[in-house]
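We did not get these values from a lab; they are worked out from the coordinates using the rules stated. Bear in mind that the values here come from a model prediction, so they are computed numbers and not experimental data. Cβ placement follows ideal geometry from the backbone for every residue including glycine, while neighbour counts extend to all protein chains displayed.
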Amino acid sequence: MTEIIRPLTHLVNLQSPLSLSDYISEGGYQGANKAIHDFSPKQVLDLVSDSELKGRGGAGFPTGMKWGCVPMFPDNDENDDEVPEFKYLVANADEMEPGTFKDRYLLEGAPHQLVEAMIIGAHTIAANRGYIFLRGEYHLAAKRLQRAIDEAYQKNWLGNNIQGTKFSFDLYVHTSAGRYICGEETALINALEGRRATPRAKPPFPQMSGLFGKPTVVNNVETLCNLPHILKHGADWFKALSPDSDAGTKIYAACGRVKSPGLWELPMGTTIREILYQHAGGMADGLKLRGLLPGGASTDFLLPEHLDTPMDFASISKVGSRLGTGGLIVLDDQNCPVAMVLNLLKFFAQESCGFCTPCRDGTPWAVEVLTRIENGKGRKEDLDTLHNLCDFMWLGKTHCALAPGAVEPLKSALRYFIDEFEQHIDNGCCSYQQQGVTQQTHAVQPSHGGQFHG
């Protein structure tokens, strides 16, 4: 069996992350050194584009294309003395998607990897300042990131004239006050400016007018952490890490009632079956798989018949869901799908920014209807109401993607588990309650749960 190369996690140490000197001795900062000494920003951009790196935060947008939208000065010697327009690079570390804890693993276990990645990204887009926008509950990650940043300043990997070049870059940790909506890049930017975390209308896109009106690139932590390895080994090496159409590796996770919940760095396109049964150990004793959310709480349910689907952007889309963050949330045969969806909708209703009517009013309305059904007081017309709400909150009808994401598990549950909804309405309870099975409505574990596996 071919050994899996794990560039993102092979240096992760949760107990005692590598200091700067130890990280360098293991090959760290070689990618940043190449970027600032051997490559022009345009050459780094071309390399990232050639690597076919896609965003790992959920959208899967090509990173090189995103960076290419940032206005740049011509790449020639005549402009060496020109002062570039002020620009920002932001790492989105506001990891609040239920069932997702991959970024926390990287932040706590290898903070210098992200610092190096920020240097590479900033050099490429000519950013003067960077922020790591961190989930407020990630106290240990904040402490370790700040320590890594302080070490980088001491050794001139951050600050003015980095490593004897004309490139200067300052990096800060910004601890978020919280809210799920801050994971949306323009809501994040508003929060970073000290405003209410409400998504902005686009265009203009952040690459043209973002933080404080300046060009800004926002990338997910996992996305950025690929950069040192791409610079160090090249685009072809990165693409060869996966036999799939999507390049590189992906940090997949699994939570729910499986034998070994956790996360694993695997080639892009690893099947759901391999993740669930080989790495997560399969279902807990006495349980069977009923369904799963493949990419966090805001994705559509898939069924056991989809187990051989590769976990890549196109394949998951073809079977009616999204790769999202790659975190499997598993539903077993002794959990009620109605209760699970209600649990999810309560979260999304609480986290709505309240800006647009479909999301502000639609998510609590869905919670109200689902609560009535779950409590055995549902009516036949409630199913029509839920279908209508799914349409009312769908793409193109809301200010951002929170509401469409919120109804994805609901819409797919109505498609795959309609018998359970009808059972609740007809009999006042679900089949599991009739059989005397204790309900486990906490099928979605906290996004900081599970075990970490490299």
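Numbers for the structure displayed
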quantity: Mean separation of Cα contacts under 8 Å, 6 or more apart, over the residue count of the chain: relative contact order %; calculated: 17
quantity: In sequence order, calculated HN-Hα J values of the range 53-61 (Karplus, 6.51, -1.76, 1.60; Hz; x Gly/Pro); calculated: 5, 10, x, 9, x, x, 7, x, 7
quantity: Cα centroid separation - the range 205-278 against the range 330-400, whole Å; calculated: 30
quantity: Sites residue 14 and residue 303, calculated FRET efficiency, Cβ-Cβ separation with R0 25 Å, nearest 0.05; calculated: 0.15
quantity: Of 202/239; 66/232; 202/411; 66/239; 102/239, those spanning more than 24 Å from alpha-carbon to alpha-carbon; calculated: 202/239; 202/411
quantity: Residues with amide H under 5 Å from that of residue 132, placed H, sequence gap 5 or more; calculated: 91, 172, 173, 174
quantity: Placed amide H near residue 99: partners under 5 Å, 5+ positions off or other chain; calculated: 447
quantity: For the range 120-204, the fraction of alpha-carbon pairs in successive 10 Å shells from zero, as %; calculated: 17, 38, 33, 12, 0
quantity: Where N is the number of residues in the range 251-322, Cα Rg divided by 2.2 N^0.38 Å; calculated: 1.01
quantity: Sparse-neighbour loop sites [trypsin sites (Lys or Arg not before Pro); the range 287-363; at most 13 other C-beta within 10 Å; DSSP]; calculated: 288
quantity: Spatial separation of Cα centroids for the range 1-61 and the range 299-326, in angstrom; calculated: 27
quantity: Rule-of-thumb Rg ratio for the range 257-401 [Cα; 2.2 N^0.38 Å; N residues]; calculated: 1.14
quantity: DSSP H segments from the chain that extend 18 Å or more along their own axis, Cα-based, with Kyte-Doolittle mean of -0.5 or above; calculated: 111-125, 337-351, 357-374, 402-416
quantity: Residue order, fewest to most beta carbons within 10 Å, for 11, 323, 395; calculated: 395, 11, 323
quantity: Burial ordering of 26, 222, fewest other beta-carbon atoms within 10 Å first; calculated: 26, 222
quantity: Under-5 Å amide H pairs with residue 94, H placed in peptide plane, nonlocal only; calculated: 135
quantity: DSSP beta bridge pairing in the range 249-332, given as percent antiparallel to the nearest 5; calculated: 75
quantity: Beta bridges by DSSP in the chain, antiparallel share as percent, to the nearest 5; calculated: 40
quantity: Size of the range 20-240 as Cα extents on the principal axes (Å, biggest first); calculated: 44, 40, 36
quantity: Cα extents of the chain along the three principal axes, largest first (Å); calculated: 76, 51, 36
